[in-house]
Amino acid sequence: LIAGVQVLYFDEFHVHDPADAALLTRLLRQLFESGVVLLASSNYAPSALLRDPDWHHLSEPGIGLILENMDVVELGGDTDYRTAALGTQTGFTGGAWLTAADPAALPDTEFRPPAPDEATTPTVGSRQFAVAAARDG
């Protein structure tokens, strides 16, 4: 795929999926070994790729390749215009990773683990889905 390529540009370089982390690490290794110049823009620092603490370790080899082979330049400013119009963070950036060996240690919020009596089977369109809980919001 990279035969004859001298420069490759990734816009919005990010990793949120463990399988993508593995594939991107292989791609990065091949690019750098082949002498391809890689340019990338991202809203994430390399260390923040695949932030899920359960899977972050899978992105660490790729992060190491980025730090060893690329110059990381932060283009910062006083205003984050991505969130200025919204007033609050939404979507993926509005969430939180809550993990604990003991679920009782998690804060008592809407993110609490489902209780056994919350199991239900909602219908969406013509399909039914068994879920551990379905709550308002």
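The values are calculated or read from the model by the stated rules, or taken from the named source; none is laboratory data. None of the values given here were measured: they were computed from a predicted structure. Here the Cβ is made from the backbone with ideal geometry for all residues, glycine too, and neighbour counts use every protein chain on show. These area figures cover heavy atoms from the full protein model, side chains too; ligands, DNA and RNA do not enter into them. Shrake-Rupley method; radii C 1.70, N 1.55, O 1.52, S 1.80 Å.
Per-residue packing, averaged as other Cβ atoms within 10 Å, sorts the ranges 46-54, 67-75 into the order 46-54, 67-75, beginning with the highest. Rounded to the nearest 0.05, what FRET efficiency do Leu8 and Asp52 have when you use their Cβ-Cβ distance and R0 = 25 Å? With R0 = 25 Å, the Cβ-Cβ based efficiency is 0.45. Residue order by solvent-accessible surface for Val7, Val15 is Val7, Val15, largest first, with ligands and nucleic acids left out and a 1.4 Å probe. A cut-off of 5 Å between modelled amide H atoms, ignoring neighbours fewer than 5 places along the same chain, links Phe10 with Leu39, Ala40, Ser41.
For every other residue with a beta carbon closer than 15 angstrom to the beta carbon of Thr25, add +1 if it is Lys or Arg and -1 if Asp or Glu, then tell me the sum. Result for the neighbourhood of Thr25: -3. Kindly identify region 1-80 as rounded, prolate or oblate by the Cα gyration tensor criterion: order the square roots of the eigenvalues as a ≥ b ≥ c, call it rounded if a/c is under 1.5, otherwise compare a/b with b/c, prolate if a/b is larger, else oblate. Judged from the Cα gyration tensor, region 1-80 comes out oblate (a/c at least 1.5, b/c at or above a/b). Per-residue extension of 0.36 nm, minus the Cα-Cα distance of Arg26 and Glu74, leaves a gain of 14.8 nm for this segment. The slack between Ser126 and Ala40, meaning 0.36 nm per residue of separation minus the straight C-alpha distance, is 26.7 nm.
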